[in-house]
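Remarks on the structure that follows.
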Amino acid sequence: MKKLGLLVATVALVLTSFFFNTAPASAETYTVKMGGDNGTLQFDPPALTIKAGDTVEWVNNKLSPHNVVFGEAKSPDGAAIDGVATKLSHKGLAFSAGESFTSTFDQPGTYTYYCEPHRGAGMVGKITVQ
């Protein structure tokens, strides 16, 4: 009788686990164009909000060369996040259309970045990680 009860309890546990099991959230990849479709010196979109664990891919669009260099990074409480510029930056220049860089953001905060050759023209962007 104890074995039958144990078997029934095990089967019930296995069956109910299918109903209460939720799939984990999967990370997303977002695309930011380096250079507007109309040839402007900008990131498109210039600001993006993502979740921790997501990846951003910057794709060379128009008027090369472009790169992605991170400057200021702040945690949600406003404290500086150290080492971001080195870890996330892609200082090499993309010359060909379609050439791309990717960075994965693991820590919530606000990350500002720019294109070195076109920073003076206002080619800056911001990633907000929730």
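The values are calculated or read from the model by the stated rules, or taken from the named source; none is laboratory data. It should be emphasised that the depicted structure is a prediction, and the values quoted were computed from it without experimental measurement. Using ideal geometry, Cβ is built from the backbone for each residue, glycine included, and neighbour counts are taken over all protein chains shown. Note: areas computed on protein heavy atoms with side chains; ligands, DNA, RNA excluded. Shrake-Rupley method; radii C 1.70, N 1.55, O 1.52, S 1.80 Å.
Here the simple spin-label model places points 7 Å from the Cα toward Cβ, and for SER100 and THR29 these points are separated by 0.5 nm.
Of the solvent-accessible surface of segment 51-99, computed with a 1.4 Å probe over protein heavy atoms with every protein chain present, carbon and sulfur atoms account for 54 percent.
Full extension of the chain between ALA47 and THR128 yields a length gain of 28.4 nm, computed as 0.36 nm times the residue separation minus the alpha carbon distance.
Other residues within the sphere of radius under 12 Å centred on the Cβ of PRO65, judged by their own Cβ, net out at 0 (K and R +1, D and E -1).
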